[in-house]
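Below is one structure, written out as structure tokens, with a few remarks after it.
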Amino acid sequence: MGISTNFYFATGALALLNACSTSPNIGTDATNKAVVPVGVAARNAELIPPTTGALNQFPATENAVKSKPNESPAEQSVRLRAQKRWEHLVKGDIDLAYTYLSPNSRLAQPLDVYKSRIRVGFWQSADVIRVDCAEASRCVVQSKVRVKMPGIRGGLIDHESVVSEDWLGLTGEWWYVPSPR
């Protein structure tokens, strides 16, 4: 596959990952891996229909939760909470994943609505790879997320992309804030 073919394949795969997104900012990074704008994949990945067949669960690596050199205490805390949230989604424990949403997000989206939008079995693994807290009460978390999705020629394929999420510091804790739909 040439570079342009890889780009179109990644863009097509991200279209599935982003379900209803029309974002023009989808592209690839220097290693030709798909990069998704802040909140887009996390917001729309929940809309993907469940895949068929038994899926293997790929647990997050232990290195993902370990703090990185020079991380602030806030970044360390956000890294841990973001990784735990992803682990709950991968395991299919939607009730616990829901508890990481900000209080206002939970008011706007009751648990039953949230659960109806989540497709258990879609996520295979997720590793927090970067936490950037440029502001005192806002962090952007980037996670490498691996999913199983329908292939172009049938069957299931593994796809990996980087997902960015917003986390806010409120009431002494860090909370995931989904992008508005």
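The values are calculated or read from the model by the stated rules, or taken from the named source; none is laboratory data. These numbers come from a predicted model, not from an experiment. All Cβ positions, glycine included, derive from the backbone under ideal geometry; neighbour counts span all protein chains shown. Areas reflect the complete protein model, heavy atoms only, side chains present, ligands, DNA and RNA absent. Shrake-Rupley method; radii C 1.70, N 1.55, O 1.52, S 1.80 Å.
Could you check segment 146-160 and list, in sequence order, the residues that are aliphatic (A, V, I, L, M) and not in a strand (DSSP E or B)?
Ile152
Given the conditions (1) under 29 Å from Pro73 (Cα atoms); (2) in contact with a helix residue (DSSP H, G or I) (Cβ under 6 Å, 6 or more places away or on another chain); (3) open to solvent by less than 10 Å² (accessible area, probe 1.4 Å), which single one is not true for Met149?
Failing condition for Met149: (1).
Could you grab me the full set of residues in segment 82-93 that are within 19 Å of Leu168 (Cβ to Cβ) and open to solvent by 50 Å² or more (accessible area, probe 1.4 Å)?
Of everything in segment 82-93, just one residue is within 19 Å of Leu168 (Cβ to Cβ) and open to solvent by 50 Å² or more (accessible area, probe 1.4 Å), namely Lys84.
Just one of the numbered conditions (1) in contact (Cβ under 8 Å) with a residue 24 or more places away in the chain; (2) open to solvent by 60 Å² or more (accessible area, probe 1.4 Å) is not true of Gly121; which one?
Only one criterion is unmet by Gly121, namely (2).
Can you name the condition, by its number, that Gly169 falls short on among (1) open to solvent by 20 Å² or more (accessible area, probe 1.4 Å); (2) under 25 Å from Glu71 (Cα atoms); (3) at pLDDT 95 or above; (4) within 17 Å of the chain's Cα centre (by Cα)?
(4)
When you scan segment 94-116, do you find a residue that is part of a strand (DSSP E or B), in contact with a helix residue (DSSP H, G or I) (Cβ under 6 Å, 6 or more places away or on another chain) and either open to solvent by 40 Å² or more (accessible area, probe 1.4 Å) or in contact (Cβ under 8 Å) with a residue 24 or more places away in the chain (or both), even just one? Outline the logic, then answer.
Looking only at segment 94-116, we keep the residues that are part of a strand (DSSP E or B), and these are 101.
Applying the additional criterion that residues be in contact with a helix residue (DSSP H, G or I) (Cβ under 6 Å, 6 or more places away or on another chain) yields none.
No, segment 94-116 has no match at all.
Considering segment 124-145 alone, what residues qualify as being open to solvent by 60 Å² or more (accessible area, probe 1.4 Å) and assigned to a strand (DSSP E or B)?
Within segment 124-145, Ile129, Arg130, Asp132, Ala134, Glu135, Arg138, Lys144 meet the criteria.
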